[in-house]
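Q: Quick one: this structure, given as structure tokens, is what I'll be asking you about.
A short reminder: the numbers here are calculations on the coordinates, not readings from a lab. Keep in mind it's a predicted model, so treat the numbers as computed, not measured. Positions of Cβ are generated from backbone atoms using ideal geometry, with glycine treated the same way; all protein chains shown enter the neighbour counts.
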Amino acid sequence: MYVIALSHGKGGVAKTTTVISLGTALTEHMKRVLLIDLDPQAGMSPLLGLGMPDPQWSIAQVFYDSASIGRVIRHTDVLGLDIVPSSHELSMAEQYLPLHRNYQYQLRRILREVEPIYDFVLLDCPPFLGAVTLNAIVAAHMLIIPTLPEMLSIAGMQHMREWVNHAKIDNNPYLIYRILITMYDKRNRSHIEITEKLRQRLGEELFETVIGVDNKVRESQILGKPVLVHAKKSRASLQYRALAQEVLNYVERKP
Ligand SMILES: Nc1ncnc2c1ncn2[C@@H]1O[C@H](COP(=O)(O)OP(=O)(O)O)[C@@H](O)[C@H]1O
Ligand SMILES: [Mg+2]
């Protein structure tokens, strides 16, 4: 089982979109995938056509009441794609978790239960760097930081890298991280220039795949379907498939 966290200290950088799209693309390779919504806004379930989740059955119960994670897993319409919903109650985790010793390892312990069931677990982090995000980073093998090719978003990404390097040294020395450019607009000069500069500076740390702006993403979300299902051949779908291939090449590479 390979665990990927998606995190950025800001909202609106396509974290949730990437979790759903990358997860769906991995199921096309017959991988069994679990998506875990760790954002107290709980926005992932409706995007998968499941409506607003019942707050009694969310990742919050697993954190607070030691409920089994198996009890809160739900299937989606995509074969091989399951989800653990979030709920508003998770916002208390920032105060609650640090009261416990070794709290940063809690999610890693929780995930042991599903180790035999899934090939990939994708963690959708909240848009701030706190106790929940730390849990995700400690539990993950890979961290993907999605960022827009815009200065504010890049600054947030840099901040995240520093924060992660700190967390990594203390708790998860083998974590690797990758930057993903999202909502790239090829008609925008500054997007082109910023992406070019990032590529020179970050080299391998930056995914070769870039996710462009595509209206099919919003359209599919309104319908509660992954873009890869709603618009199979859309630009975003092809790009997310290329991203999945890059991830698989990395994960399945022979040592
Ligand atoms: N490739 C894309 N093209 C167009 N719109 C996108 C794309 N990716 C995401 N969006 C839109 O941008 C907004 C933020 O995306 P979201 O995944 O919710 O970000 P986050 O989880 O980081 O807050 C959503 O309205 C989503 O529909
Ligand atoms: Mg989100």
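Q: In whole percent, what relative contact order does the chain give with Cα contacts below 8 Å and a gap of six or more residues?
A: This gives 26 percent for the chain.
Q: Shape of region 1-138 from its Cα gyration tensor (a ≥ b ≥ c, root eigenvalues): rounded if a/c is under 1.5, otherwise prolate when a/b > b/c, or oblate?
A: Cα axes put region 1-138 in the rounded bin.
Q: If neighbour count is taken as other Cβ atoms inside 10 Å, put T147, T209 in order from fewest to most.
A: T209, T147
Q: Next up: Give me the dipole magnitude in Debye, nearest 20, for the chain about the Cα centre, with unit charges on the beta carbon: positive for Lys and Arg, negative for Asp and Glu.
A: 560 debye
Q: Starting from a Cα-only point model with no solvent, please compute log10 I(q)/I(0) by Debye for region 182-255 at q = 0.12, 0.17, 0.18 1/Å.
A: Each listed q maps to, in turn, -0.41, -0.76, -0.82.
Q: Just the ratio, please: alpha-carbon radius of gyration of the chain over 2.2 N^0.38 Å, N its number of residues.
A: This ratio for the chain stands at 0.95.
Q: While we're looking at this one, here's another question. Taking the dipole about the Cα centre of the chain, with the C-beta of Lys and Arg at +1 and of Asp and Glu at -1, give me whichever of L38, V229, G212 is farthest to the positive side.
A: Toward the positive end, the furthest listed residue is G212.
Q: May I ask you to sort R189, R199 by Cβ crowding, counting other Cβ atoms within 10 Å and putting the fewest first?
A: By the 10 Å Cβ count, ascending: R189, R199.
Q: Where the centre of each part is set by its Cα atoms, how far does region 226-255 sit from region 70-147, in angstrom?
A: Cα centroid to Cα centroid, the span is 22 Å.
Q: State the dimensionless ratio Rg/Rh of region 1-81 (Rg: radius of gyration of Cα atoms; Rh: Kirkwood radius).
A: 0.94
Q: Please find, in a Gaussian network model of the chain (springs between Cα atoms separated by less than 10 Å), the residue of N188, N215, N165 whose mean-square fluctuation is greatest.
A: Sorting by GNM fluctuation, first place goes to N188.
Q: What dipole magnitude, in Debye to the nearest 20, does region 118-201 give about its Cα centre under +1 on Lys/Arg Cβ and -1 on Asp/Glu Cβ?
A: 340 debye
Q: To continue, here is another question. Quick check: pseudo-label points 7 Å beyond the Cα along Cα→Cβ at S66 and Q245, how many nm apart are they?
A: Label at S66, label at Q245, 4.7 nm between them.
Q: Efficiency by 1/(1 + (r/R0)^6): what FRET value for A155 and R109, r their Cβ-Cβ distance, R0 = 25 Å, to the nearest 0.05?
A: The value I calculate is 0.15.
Q: So which of K31/K197; K168/K216; K15/K197 end up more than 32 Å apart by C-alpha?
A: In this structure, K31/K197; K168/K216 exceed 32 Å between Cα atoms.
Q: Could you sort the peptides 124-137, 229-242 by per-residue average Cβ neighbour count (10 Å cutoff), highest mean leading?
A: 124-137, 229-242
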